[in-house]
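Peer 1: Dumping the structure here so I can ask a few things about it.
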Amino acid sequence: MYREVGNVLQYQGEGWYKVRSYLTFADALGDIDRPVAEMSDAEFKALPGVGKAIFSKTRDYQARGTFNLLDRVRTVPASIRAMLAAGLAPAAVRALEQELSITSLDALRAAHAGGSLDLSALPTRQRNTVRDFLQQ
């Protein structure tokens with residue numbers, strides 16, 4: 001969930017500091033051996049990436065099953081979120097959408113398989129990212 005938030009915020013052009021906090025916290029969650037709900041506030045705040053915002057959002061999630069930012073992130077089309085979840089870099093997803101009107105993995109794979117995928121309109125870095133992704 002926090003990786004989804006970080007990736008969508010990056011896709012939307014949010015500042016790197018905020019994005020990095022969510023991605024760092026997502027990584028930290030994978031490294032802990034017990035649920036955050038069982039941690040004291042002090043233990044939880046000591047985790048990498050946890051600041052006031054992540055602390056309060058996590059406690060909101062525990063209480064309500066969601067938090068406002070997560071609700072906002074989930075207004076981004078599921079097909080875009082799926083591209084991000086599949087590992088496409090947020091900047092590449094944004095470039096595919098804006099330059100080539102490709103908004104789903106199926107459309108990307110179909111264009112690639114059909115030979116109609118022309119990445120020349122994308123910036124070099126995003127072009128290389130998409131090529132690398134398609135070769136996986």
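Peer 1: Tell me, which helices (runs of 4 or more DSSP H) lie completely within the range 35-134 with 2 or more residues that are over 15 Å from the mean Cα position of the chain (by Cα) and not assigned by TED's automatic domain parsing to the domain that holds residue 9?
Peer 2: 90-100, 105-113, 124-134
Peer 1: Follow-up question, since we're still on this one. Could you give me the residue pairs with C-beta distances under 8 Å whose first residue belongs to the range 82-93 and is on the phi > 0 side of the Ramachandran plot, whose second residue is not in a loop (DSSP other than H, G, I, E, B) wherever it lies, and which are 6+ apart or on separate chains?
Peer 2: Filtered contacts from the range 82-93: 87/133.
Peer 1: Go through the range 97-136 and count every residue that is loosely packed, with under 15 Cβ neighbours inside 10 Å and among the polar types (S, T, N, Q).
Peer 2: Selection size over the range 97-136: 8.
Peer 1: Consider the range 82-93. How many of its residues are surrounded by fewer than 18 Cβ atoms within 10 Å (Cβ to Cβ) and either of a type in the set (A, V, I, L, M, F, W, C) or modelled with pLDDT of 95 or more (or both)? Quick ask: steps written out before the conclusion?
Peer 2: First, the residues of the range 82-93 that are surrounded by fewer than 18 Cβ atoms within 10 Å (Cβ to Cβ): 82, 85-87, 91.
Filter once more, keeping what is either of a type in the set (A, V, I, L, M, F, W, C) or modelled with pLDDT of 95 or more (or both): 82, 85-86, 91.
Counting residues in the range 82-93 that are surrounded by fewer than 18 Cβ atoms within 10 Å (Cβ to Cβ) and either of a type in the set (A, V, I, L, M, F, W, C) or modelled with pLDDT of 95 or more (or both) gives 4.
The values are calculated or read from the model by the stated rules, or taken from the named source; none is laboratory data. Quantities reported herein were computed from a predicted structural model and do not represent experimental measurements. Note that we place each Cβ from the backbone using ideal geometry, even for glycine, and neighbour counts take in every protein chain shown.
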